[in-house]
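These notes are about the structure you will find just below.
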Amino acid sequence: MRRFFTTLFLLSATFAQAQFKISGHVTLHQNRVEAASLTLLPVNLKTASRANGEYLFDGLAPGTYQIKVTAVGAKTLVKAFIIKNKDLILNFDLADEESHELADVDVTAKNEGASGKLRQVEGTAIYAGKKTEVINLANINANMATNNARQIYARVAGLNIWDYDGGGLQLGIGGRGLNPSRVSNFNTRQNGYDISADALGYPESYYTPPTEALDRIEIVRGAASLQYGTQFGGLINFQLKKGPKDKEIEFTSRQTAGSFGFFNSFNSIGGQANKLNYYIYYQYKRGDNWRPNGHFDQKSAYAHLDYDFSDKLKLTAEYTHMNYLAQQPGGLTDNDFALDPAVSVRARNWFKVNWNLFSLSADYQLGERTKLNWRNFYLHAGRDALGVLNYINRPDDGLARDLLSDTYNNFGSELRLLHNYGLMDMKNNSLLTGVRFYRGSTDRAQGDADDGSGPTFNYAGNEASKSKFNFPGTNVAAFTENIFRITNRWSITPGVRFEYICTKADGYYYEKLRFVTTPPIKNLEHKENNRSFVFFGVGTSYKPIDELEIYANISQNYKSVNFNDIRVVNPNARVDANLSDEFGYTADGGLRGNLKEWMYYDLSVFYLRYNGRIGSVFKKDSDSLSRRVRANIADSRNIGFESLIEADILKAITHGQSKHKLSVYTNFALIDARYINSTETAIQDNQVEFVPPLLFRTGASFGNKTYNLSLQYSYVDQQYSDATNAEKTDTAVDGLVPAYQVMDFSASYKWKWFTLSGSINNLLNEKYFTRRADGYPGPGILPSDPRTYYITLQFKL
């Protein structure tokens, strides 16, 4: 027993050992170098210098190390040093001859902000001249247990956030006037590979990684179309944590309790064992909706393993699982919401999701200037929606419920090559080229289920009584981009992408003839749609000084329409059978940078052109009844201004000497989105739906390494839910979404291995909603949560 406690004491002392950082900058002939590769040995930790030449290694134990620095146009430089009991600043000036060994020096730790941008070259990706944003989760004091998007994405300008899911089961964000529904207008990825239901057939995501497992969130706007697919929204990539490089084992346990029976348990383990890095988590979450007829249970698990076979080759394998069952209280009419938003008029609606995602990737260093990345993924997933879909202003008739069932089987493989080279007098040019193969398959069925009230996901009868289809899709793409560095401060990045898309539909649907008493007619259907096209884009970046960058980009975008958009039967909306693909482009430009290391800013303007935009209008049917129809209704153009300013006030006042941090930020966006070139006079020059003309979010955070207090304020202007800009409808599917304002407060305190944190969301108990749904989880108005309380206890060893 004594030996056990002695061992436990030694382990605790080891885990509690102080951690230090190494920072500095890389220059070549006294000019700052971006994308220089730095490798820290013997732990084999790698990074790259930022646009201003700076780099950082963090979380290091005392010991003897070496740093190997490589860059185009310079010899490899290797320096040895010792970390004793303080941080180090090591600056590297690359030249033809190696310098003498650098000694350790004192450094004042830098306070990294919660927001930032991607470097011009990251891994095997190019972001030069593009509008990019990075959310550093370690520097955000927010309600992580519920994935509170209003807090987490507060520093990303121009985002419209759907806020109706108190448990954080699904994410709904849209940028620059695009529909927020399940992130469908972004190419949504995790660690660089797809996680959406079906990128070609149904690009919505029912799975969102737990915020507690995230290291950072990377967002690239419409210019991501050349590298990641042609979506108008761009890319959102969830970068999950890895095991710490300086520990063999690190264990974290977070337990959260909150209002309305909420409980969340998140537990992870990770570390570095020789050449193997691992990170594993398991999460269980449950809760009741603040309205009747609402409850959810969710389980999530993830495993990451990467192994360095050599200095050149690394293999990474990952597996993700998530499932949940949720009862949905349904939507409300405008009158019901005004009287009491806490009521529910649907008691038989359920939703079930099961997600399984596999990934295998390889990184190979072909030489000092050339990197190769090959990523492969497979998704086997499904979702089932069960309930009553008729108009919310009509009572539940108690008859058979509607069951909509999907199964997704997708495979993708993407190969990327990044080569750095010199050309005449232009140094540090970067060429990226890649190919992608994707095969997606959605099996979708819809029909009558039982007339019960429980989660029984079975069809009544031998087959689905409304439709059953298989929607396979194939995508082959090739892309290339090149950073041409005209001078040390000016670069131009052109790019091109070729796309081939084939989508098919094979199945049947039942058609009921109006005013006829005979049974519905079963129609067999087989369709195929092949298309190919080439898209172009170009960006530029200019740095008049190291702390300031001026950037601009224009890139084409595209969104394919799919057969499964047409064959879903929904009494609240009909779909035009002649739906066609949407084309357009995104142009943006701005300036961003740092002011004396205490302020980060990004100010930009954008123009988004959307041709043949799909939207909802009211049209008279053959029976002279006015019905809501989803169709290509017009072109649209979105013009906007976006800004983010984040500053550490105390750092500015004390010149970095304060042990405390007072961080303030302001996120402001103005967007004018209008329909143009429309044959529908009722919508010409109308506002585009889901586009608040004004978005304003601001906040302040005060604390030090021990405690932190944060307050956030959000204002979102009024917006419409359909192209006709209807103020109110009887079904509540369409109408005005009034302006609203919300405040959130969070606090945390650290003591040794423990952290106690809490939050009060919707501090002023605002009565509001952000979404009108035409199907599940509605239809109708989906009220947002009232004031809620949460408390979290974290243990980390």
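Here are the numbers for the structure shown:
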item	result
Members of region 19-65 that are farther than 26 Å from His419 by Cα and of a type in the set (Lys, Arg)	Lys21
The one condition in (1) in a loop (DSSP other than H, G, I, E, B); (2) surrounded by fewer than 22 Cβ atoms within 10 Å (Cβ to Cβ) that Phe690 fails to fulfil	(2)
Residue ID - nearest to Ser580 (Cα to Cα), chosen from residues in region 645-660 that are touching a residue at least 60 places away in the same chain (Cβ under 8 Å) and touching a Phe, Trp or Tyr at 6+ places or on another chain (Cβ under 7 Å)	Glu646
Selected residue (criterion: modelled with the highest pLDDT) from residues of region 11-34 that are more than 31 Å from the chain's Cα centre (by Cα) and over 18 Å from Gly271 (Cα atoms)	Val26
Among (1) outside any strand (DSSP E or B); (2) modelled with pLDDT of 95 or more; (3) farther than 18 Å from Ala449 by Cα; (4) touching a Gly at 6+ places or on another chain (Cβ under 6 Å), the one test that Asn335 misses	(4)
Matching residues, region 439-467, being in a strand (DSSP E or B) and either more than 20 Å from Glu204 (Cβ to Cβ) or β-branched (Val, Ile, Thr) (or both)	Thr442, Gly447, Asp448
Test: residue in region 549-556 that is more than 24 Å from the chain's Cα centre (by Cα) and either at pLDDT below 95 or farther than 22 Å from Arg176 by Cβ (or both)	no
Residue among Gly192, Gly258 that alone is modelled with pLDDT of 95 or more and on the phi > 0 side of the Ramachandran plot	Gly192
Residues within region 248-282 that are closer than 21 Å to Tyr790 by Cα, assigned to a strand (DSSP E or B) and aromatic (Phe, Trp, Tyr), tallied	4
Any pair with Cβ under 6 angstrom, 6 or more apart, that starts in region 305-334 at a residue that is closer than 11 Å to Ser359 by Cα and ends at one that is charged (D, E, K, R) and part of a strand (DSSP E or B)	Thr316/Asp306
Residue selected from region 199-246 under the condition among the small types (Gly, Ala, Ser) and outside any loop (DSSP other than H, G, I, E, B), by the criterion nearest to Ile554 (Cα to Cα)	Ala223
Residues of region 572-592 that turn out to be modelled with pLDDT of 95 or more and of a type outside the set (Phe, Trp, Tyr), as a count	8
Residue satisfying condition, being more than 30 Å from His295 (Cα to Cα), at pLDDT 90 or above and of a type in the set (S, T, N, Q), within set Ser467, Ser441	Ser441
Residues (more than 29 Å from the chain's Cα centre (by Cα), closer than 20 Å to Glu122 by Cα and assigned to a loop (DSSP other than H, G, I, E, B)) located in region 35-82	Ala71, Val72, Gly73, Ala74, Thr76
Residue list for region 188-199, restricted to those being surrounded by fewer than 23 Cβ atoms within 10 Å (Cβ to Cβ) and of a type outside the set (Gly, Ala, Ser)	Arg189, Asn191, Tyr193
Any chance Leu360 is closer than 30 Å to His304 by Cα and either surrounded by 16 or more Cβ atoms within 10 Å (Cβ to Cβ) or of a type outside the set (Lys, Arg) (or both)	yes
Region 388-403, residues that are under 30 Å from the mean Cα position of the chain (by Cα) and modelled with pLDDT of 95 or more	Leu403
In region 730-787, the residues that are of a type in the set (A, V, I, L, M, F, W, C), part of a strand (DSSP E or B), under 22 Å from Arg182 (Cα atoms) and at pLDDT 95 or above	Leu736, Val737, Val742, Phe769, Ile781, Leu782
Which listed residue is under 30 Å from Leu591 (Cβ atoms), in the same structural domain as His419 (by TED's automatic domain parsing) and polar (S, T, N, Q), from Asn488, Asn523	Asn488
Scope region 25-34; condition buried (at least 21 other Cβ atoms within 10 Å of the Cβ) and in a strand (DSSP E or B); matching residues	Val26
Within region 296-315, tally of residues that are part of a strand (DSSP E or B), surrounded by fewer than 18 Cβ atoms within 10 Å (Cβ to Cβ) and not basic (Lys, Arg)	8
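Yes/no per residue for (1) more than 22 Å from Asp448 (Cβ to Cβ); (2) in contact (Cβ under 8 Å) with a residue 12 or more places away in the chain:
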{"residue": "Val496", "(1), (2)": "yes, yes"}
{"residue": "Tyr500", "(1), (2)": "yes, yes"}
{"residue": "Thr503", "(1), (2)": "yes, yes"}
{"residue": "Pro519", "(1), (2)": "no, no"}
{"residue": "Leu524", "(1), (2)": "no, yes"}
{"residue": "Arg531", "(1), (2)": "yes, yes"}
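Rundown of residues vs (1) over 14 Å from the mean Cα position of the chain (by Cα); (2) closer than 17 Å to Asn237 by Cβ; (3) at pLDDT 90 or above, yes/no style:
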{"position": "Val121", "(1), (2), (3)": "yes, yes, yes"}
{"position": "Lys130", "(1), (2), (3)": "yes, yes, yes"}
{"position": "Glu133", "(1), (2), (3)": "no, yes, yes"}
{"position": "Met144", "(1), (2), (3)": "yes, no, yes"}
{"position": "Tyr153", "(1), (2), (3)": "no, yes, yes"}
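The values are calculated or read from the model by the stated rules, or taken from the named source; none is laboratory data. Only a predicted model underlies this, so the values are computations on that prediction, with no experimental measurement involved. Please note: Cβ atoms are built from the backbone with ideal geometry, for glycine as well, and neighbour counts cover all protein chains shown.
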